[in-house]
Amino acid sequence: MERSRRKFIQTGAIGLAFLAACPSSLLASNDCNIKHPLMPQDKSLQGTCDNCGMMRPMWGRTWHTFVLGKDSKQTCSIHCLAEMVRNSGLQPSGIMVANYLDPHTSLVAEDAYYVVGSSARGTMSIKSKIALPTEAAAQDFVRKCGGEVGRFDDAYGAAVAALVAENKMIQKKRVAKGKIVEPTDADLCPVCGMHVARYPDNKCQIRTKDGEVIHFCATHCLFEYLQNGAKYRDTPLHPQLIWVVDYATGLWIPAKKANYVIGSTMKGPMGKEAFPFAARDAAGSFAQKYSGKVVVFSEVSAKTMLM
């Protein structure tokens with residue numbers, strides 16, 4: 001990733017190396033109808049995306065593995081890799097990527113050739129970003145499927161630049177599938193009784209394992225409810241999904257993966273609040289400006305928010 005961004009390599013002549021790298025039958029049709037996601041699932045591919053939870057048996061063609069900090073990580077896509085780097089503030093090392101046409105084979109990402117924007121499907125992306133083992137293979141893929149050939153830095157830069165737009169697309173799909181439910185003015189916060197929809201920058205929600213959706217006006221009430229649920233409900237609370245709103249972008253993000261600023265001079269609907277951010281550097285800038293402290297989900301409580 002330290003290497004300077006390269007200019008995309010223009011489409012060129014077909015190389016014989018491509019024929020050795022991947023069977024021509026996979027690209028026999030000009031419609032690039034390559035089976036992705038893999039259906040039926042390829043159970044010999046094992047793993048779960050550490051960012052979004054998607055499974056390697058389906059999304060193995062765009063799989064990335066790497067080290068982040070001291071931990072080995074894997075993601076379904078270069079989108080999720082870029083998102084994890086942004087959210088953590090750490091730089092990855094040892095990045096490996098699946099050969100798109102042979103997902104059982106891993107390539108050193110810095111040595112791979114990425115095709116960006118072809119008609120073949122990517123993962124979590126508006127424009128697909130797929131890896132192939134040689135320049136000749138990538139050039140032939142472009143001839144059949146379109147797109148441009150570059151290296152890892154080019155594909156990663158494109159993924160970073162597209163994060164917000166792609167996350168808007170992903171959020172729209174999650175809302176359509178009911179994984180996220182936008183509050184209406186009839187939804188009242190169970191802790192304070194305020195109308196949740198009137199606080200779009202601070203709203204939060206819990207989706208329980210039995211499908212119940214509970215809306216909150218702010219993180220102050222969300223964490224109070226999580227820690228003292230017996231005060232507000234007659235049955236045990238079993239959260240399946242917890243969502244908060246990224247204070248920088250206004251997009252829904254998983255609460256357990258957010259960075260929170262506590263103890264700041266900024267006030268929310270209930271006064272003191274833990275302000276959520278997807279990006280670690282955005283949280284740091286906010287904390288510096290408003291005299292707060294950046295913490296992770298496990299460090300937030302109704303008590304720490306009042307510090």
(message) If Gly250 satisfies all but one of (1) surrounded by 14 or more Cβ atoms within 10 Å (Cβ to Cβ); (2) within 17 Å of Arg86 (Cβ to Cβ), what's the number of the condition it fails?
(response) (1)
(request) Among the numbered conditions (1) in a loop (DSSP other than H, G, I, E, B); (2) among the small types (Gly, Ala, Ser); (3) in contact (Cβ under 8 Å) with a residue 12 or more places away in the chain, tell me where Gly53 comes up short. (result) (3)
(message) Scan the stretch 125-147 and tell me whether some residue there is more than 16 Å from the chain's Cα centre (by Cα), at positive phi and surrounded by fewer than 20 Cβ atoms within 10 Å (Cβ to Cβ).
(response) yes
(request) Please enumerate the residues belonging to the stretch 76-112 that are closer than 21 Å to Lys35 by Cβ and touching a helix residue (DSSP H, G or I) at 6+ places or on another chain (Cβ under 7 Å). (result) Cys76, Ser77, Ile78, His79, Ala98, Tyr100, Leu101, Pro103, Ala112
(request) Residues being among the β-branched types (Val, Ile, Thr) and more than 13 Å from the chain's Cα centre (by Cα): count how many of those fall in the stretch 70-108. (result) 4
(message) Need pairs with beta-carbon distance below 7 Å; first residue in the same structural domain as Met54 (by TED's automatic domain parsing) and in contact (Cβ under 8 Å) with a residue 60 or more places away in the chain and within the stretch 171-186, second among the charged types (D, E, K, R) and surrounded by 15 or more Cβ atoms within 10 Å (Cβ to Cβ); sequence gap 6+ or separate chains.
(response) none
(request) Just need a number here: residues in the stretch 254-307 that are part of a helix (DSSP H, G or I) and among the acidic types (Asp, Glu). (result) 2
(message) Looking at the stretch 101-108, can you tell me whether even one residue there is among the small types (Gly, Ala, Ser) and in a loop (DSSP other than H, G, I, E, B)?
(response) no
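Being modelled with pLDDT under 90 and under 19 Å from the mean Cα position of the chain (by Cα) is the filter here; which residues of the stretch 24-53 pass it? Outline the logic, then answer.
Taking the stretch 24-53 first, the residues modelled with pLDDT under 90 are 24-33.
Within the stretch 24-53, no residue meets the criteria.
When you check Glu83 against the structure, is it part of a loop (DSSP other than H, G, I, E, B), in contact (Cβ under 8 Å) with a residue 40 or more places away in the chain, of a type in the set (D, E, K, R) and not assigned by TED's automatic domain parsing to the domain that holds Gly284, yes or no?
Details: part of a loop (DSSP other than H, G, I, E, B): no; in contact (Cβ under 8 Å) with a residue 40 or more places away in the chain: yes; of a type in the set (D, E, K, R): yes; not assigned by TED's automatic domain parsing to the domain that holds Gly284: yes.
No; evaluated as a whole, the condition is false for this residue.
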(message) Looking only at residues that are out of contact with any strand residue (DSSP E or B) (no Cβ under 8 Å at 6 or more places or on another chain) and part of a loop (DSSP other than H, G, I, E, B) in the stretch 120-172, which one is farthest from Gly60 (Cα to Cα)?
(response) Gly146
(message) Would you confirm, using the coordinates I've provided, whether Ser93 is farther than 23 Å from Lys173 by Cβ, without any contact (Cβ under 8 Å) to a residue 24 or more places away in the chain and not in a loop (DSSP other than H, G, I, E, B)?
(response) no
(message) On the basis of being touching a strand residue (DSSP E or B) at 6+ places or on another chain (Cβ under 9 Å) and under 24 Å from Gln41 (Cα atoms), does Met96 make the cut?
(response) yes
(message) Restricting to the stretch 101-124, name every residue that is touching a residue at least 60 places away in the same chain (Cβ under 8 Å), crowded, with 20+ Cβ neighbours inside 10 Å and under 24 Å from Met55 (Cβ atoms).
(response) Leu101, Pro103, Ser118, Ala120, Gly122, Thr123, Met124
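The values are calculated or read from the model by the stated rules, or taken from the named source; none is laboratory data. These numbers were taken from a predicted model, which means no experiment stands behind them. We place every Cβ from the backbone using ideal geometry, glycine too, and count neighbours over all the protein chains shown.
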